[in-house]
Amino acid sequence: MQKVGELCLEPTKVNVQPGEFKGQKLTFMGLNNQNLHNLVFRPLLAAWQDYTGAELEWIDLAQNEIFPRIQQRL
Amino acid sequence: MPDWVKQQIDLTDYVGYLQAPVGTWNGKTYRVSIDGDCHNFNYRSDVFAYADLGAQFKADGGSFEWGVPTTWQQVQEVSKWMKGKEFDGQDLYGILDVYKPWGGFGWYFFASRATAYAKHPDDHAWLFDSDTMKPRINNPAFARAAQDIIDVLPAQPPDQINGDGNTTGFTEFLAGTGSMCHWWGDVGSNAYTSSTSVIADKVLFSILPGSDDVYNASTGAWDTLPSGPSYSPNMAYLGWGVYVMNTVDTDPVKQKTAWSVAAHLGGKDISLWLACYPSGFQPYRNSHFNVDEWATLGYSTDVISSYLKSESDSYNHPNAAIEPRIPGIFQY
């Protein structure tokens, strides 16, 4: 999936310059069920992070946790 | 959603039921869809094609021709009949129900048992009266679905009452237990790609079973439709999306960063990979329904055609039960 993320980076390059988001840190809260969802997003976003310079922090939640946590966050 | 994101991800490619107003509020788009959600019906094609079982079912007074059940009434009948039977040297079970709340997601499995009873083709509403907002969860349709699930428990695998969604879809059905399973599209995409699956080439798909009759909330009566059984696929959860919090709005660079993450994950090309491989996400774009593309990945053409048809027939069904994703939906 890291290669997939790299292969699919062209649309991002149309709108974002290399290193444009350097210094930016974001938190991504999402699901981890059956070791999927957020755990698939990580490799998909590896090339995006390298290109843009942004960093991501992950909050992985189990299926029975995610909805209450989202409601709390809102 | 900024216009540049809309262009980057091509919103026009979303399947119809995920187009606006889904993901919008007051005319503004807030959601990058990354998933289409419906519960389809996964069934063991080998079980329901086995002539010996069919002969036995008929001899025991089975009320329908042996084959995949098309109504919940048939599902109940055959599941109870299967109790104590064997197939291919293993205990045979019928429908696999989810009994645990699972953080609220157990609701969808109950809803899938209920929509054919509760969603009348002449009524846009099924969860609550749209005029008064009065919940319909205690009406005879939902009560019947609950009773079905209770009644069939003795015919399900041991300890099924402690089973959540992961139990029915992954621990049981993909691993060869049970002959019918309503789940999100993960079962279909995992049947060939998961190392724990033993059902590749033994599974086919359809929309959720219908019902011989459907409850009319306006009249308080059960209607039998002249067209035959009533069907109502459950658009369970409406799919995952990526949402950008408004906390980034005070910083234009951070805002663009966040939307760029969402746009990358919601992009057209990436989405096909997510649909075809185990990811937790299902087809959600019209461009995902090209059978030949799936076949190049090794999927059987017959199986993937069946799978994609079950998804698209669900998404496009005129009587689909759409979930409004209201706060408190899990309390239903």
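The values are calculated or read from the model by the stated rules, or taken from the named source; none is laboratory data. All values reported here derive from a predicted model rather than from experimental measurement. In this analysis, Cβ positions are derived from the backbone assuming ideal geometry, glycine residues included, and neighbour counts consider all displayed protein chains.
Tell me whether region A:31-43 contains one or more residues that are facing another protein chain (nearest Cβ under 7 Å) and either polar (S, T, N, Q) or surrounded by fewer than 16 Cβ atoms within 10 Å (Cβ to Cβ) (or both). Yes, region A:31-43 contains a residue that is facing another protein chain (nearest Cβ under 7 Å) and either polar (S, T, N, Q) or surrounded by fewer than 16 Cβ atoms within 10 Å (Cβ to Cβ) (or both). Whether any residue in region B:274-292 is in contact with a Pro (Cβ under 7 Å, 6 or more places away or on another chain) and either closer than 19 Å to B:Ala200 by Cα or within 12 Å of chain A (Cβ to nearest Cβ) (or both) is what I want to check. Yes, region B:274-292 has at least one match.
Consider region A:48-60 and keep the residues that are more than 9 Å from chain B (Cβ to nearest Cβ) and buried (at least 18 other Cβ atoms within 10 Å of the Cβ). The one that is nearest to B:Asn190 (Cα to Cα) is A:Asp60. Restricting attention to region B:5-30, the residues that are more than 22 Å from B:Asp186 (Cα to Cα), within 14 Å of chain A (Cβ to nearest Cβ) and touching a residue at least 40 places away in the same chain (Cβ under 8 Å) add up to 5.
In the set (1) at pLDDT below 95; (2) buried (at least 19 other Cβ atoms within 10 Å of the Cβ), B:Phe142 fails one condition alone, (1).
For region B:90-109, the candidate set comprises residues that are more than 14 Å from chain A (Cβ to nearest Cβ) and surrounded by fewer than 19 Cβ atoms within 10 Å (Cβ to Cβ); within that set, the residue that is nearest to B:Glu77 (Cα to Cα) is B:Asp91.
Against the conditions (1) farther than 28 Å from B:Leu127 by Cβ; (2) more than 14 Å from every other protein chain (Cβ to nearest Cβ); (3) more than 16 Å from the chain's Cα centre (by Cα), B:Val261 satisfies every one except (2).
Yes/no per residue for (1) among the hydroxyl-bearing types (Ser, Thr, Tyr); (2) farther than 30 Å from B:Tyr17 by Cα; (3) assigned to a helix (DSSP H, G or I):
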| site | (1), (2), (3) |
| --- | --- |
| B:Asp35 | no, no, no |
| B:Cys38 | no, no, no |
| B:Asn42 | no, no, no |
| B:Phe48 | no, yes, yes |
| B:Gly61 | no, yes, no |
| B:Val75 | no, no, yes |
| B:Tyr93 | yes, yes, no |
| B:Lys100 | no, no, no |
| B:Tyr108 | yes, no, yes |
